[in-house]
Amino acid sequence: MVLCGQVTEQCILYSALDAHIRHFDVSLAPEAVAHIDADLADAALRMMEHNMSAHVCSLDALTFDSTEPEA
């Protein structure tokens, strides 16, 4: 699952957590999300990467797999 949007330290963080507990792989690019508070957004990105195993990378490094998920 690729996340983008606003607000990194709130909506994106909680969406990543919801996806993580449902066993989805999460990816996001910092340039594809917006924040209210830069320090909190940086902390949120670190939490997603370290605590939720999210793949945080540049927009150019995002890849999309065309295979269908298993039922």
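When both residues are 6+ apart or on different chains and their Cβ atoms are under 8 Å apart, which pairs have a first residue that lies in segment 34-49 and is without any contact (Cβ under 8 Å) to a residue 24 or more places away in the chain, and a second that is among the charged types (D, E, K, R) and part of a loop (DSSP other than H, G, I, E, B)? That search, which allows pairs on different chains as well, returns nothing. Against the definition (open to solvent by 90 Å² or more (accessible area, probe 1.4 Å), of a type in the set (D, E) and not in a helix (DSSP H, G or I)), how does D60 come out, yes or no? Here the answer is no, as D60 does not meet what is asked. All of (1) open to solvent by 70 Å² or more (accessible area, probe 1.4 Å); (2) under 9 Å from the mean Cα position of the chain (by Cα) hold for S27 with one exception: (1).
The values are calculated or read from the model by the stated rules, or taken from the named source; none is laboratory data. Computed from a predicted structure; not experimentally measured. Cβ coordinates were reconstructed from backbone atoms using ideal geometry, including for glycine residues, and neighbour counts include every protein chain displayed. Note: accessible area is taken over every heavy atom of the protein model, side chains too, but ligands, DNA and RNA are not part of it. Shrake-Rupley method; radii C 1.70, N 1.55, O 1.52, S 1.80 Å.
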